[in-house]
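Here is the structure we will look at, set down as structure tokens.
Only the coordinates and a few stated rules stand behind these numbers; no lab work does. Because the structure is a prediction, the values reported are computed rather than measured. Every residue, glycine as well, gets a Cβ built from its backbone with ideal geometry; the counts of neighbours run over all protein chains shown.
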Amino acid sequence: MTRKPIPGAGLVKGLRLTLKTLFTKPLTIHYPLEKEVLVPRARGVIALDADACTVCMLCARDCPDWCIYIEGHKEMQPPATEGGRPRSRATLDRFDIDYALCMYCGICVEVCPFDALFWSPEHEYSEMNITSLLHDKERLGVWLETVPDPPALES
């Protein structure tokens, strides 16, 4: 025994759904006028602590997009104690990230053994010219001020 379709049942079902969604509040945020509230540890832009960077180039090597450019040189440091020998230390000359190429995967932040790279929650850094998306170490250092403190350790 097969059921006969009721004529107009699909139309009534569709109208009911239309009326239901017509009177519900939309989930859309009108971005320029209303700002979305982000979670505290949101991924925005990558910030650099240039003093912590040792020019090991692990971040540039592991980046799947090759958007990190690093240059450095070695400098001789005086001995830490009297009678010691001088040590060579790598000094960071250039650290650039091309955000036109970056896919924000975070591999560079995770692989850095010296905690020189951090996620900043700042996400509004659009540019009118694509060449302006190449951020140098000074601009990446400015983003460091916006990085939130890490969560406290559990006792």
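In a DSSP loop and with at most 15 other Cβ atoms within 10 Å, the GluC sites (Glu not before Pro) in region 1-90 are E34, E36, E82.
Report the per residue volume, in Å³, of the convex hull enclosing the C-alpha atoms of region 76-129. If you can, show how the numbers build up before the last one.
Details: hull volume 7.4 nm³, N = 54.
So the per-residue Cα hull volume is 138 Å³.
Report, in deg cm²/dmol and to the nearest 500, the calculated mean residue ellipticity at 222 nm for the chain, where each DSSP H run with n ≥ 4 adds -39500 (n - 2.57) and the sum is divided by the residue count.
Working: 4 runs with 31 residues, N = 155.
-5500 deg cm²/dmol, from helical runs alone.
In terms of overall dimensions, the C-alpha atoms belonging to region 2-52 reach 77, 31, 15 Å along their principal axes, ordered largest to smallest. Bin all alpha-carbon pair distances of the chain at 10 Å intervals from 0 and give each bin's fraction as a whole percent. The distribution over the chain is 9, 26, 22, 14, 10, 8, 6, 3, 1, 1, 0, given as percents. Residues of region 51-85 with backbone nitrogen within less than 17 Å of a virtual label 7 Å along the Cα-to-Cβ line of D136, please, listed as ranges. Residues 51, 68-73 qualify, since their backbone N sits under 17 Å from the label point. Can you give the angle from 0 to 90° between the axis of helix 9-22 and the longest principal axis of the chain, with both taken from C-alpha atoms, to the nearest 10? Taking Cα atoms only, the helix is inclined about 50 degrees. Residue separation of L11 and R89 scaled by 0.36 nm, minus their Cα-Cα distance, works out to 20.5 nm of gained length.
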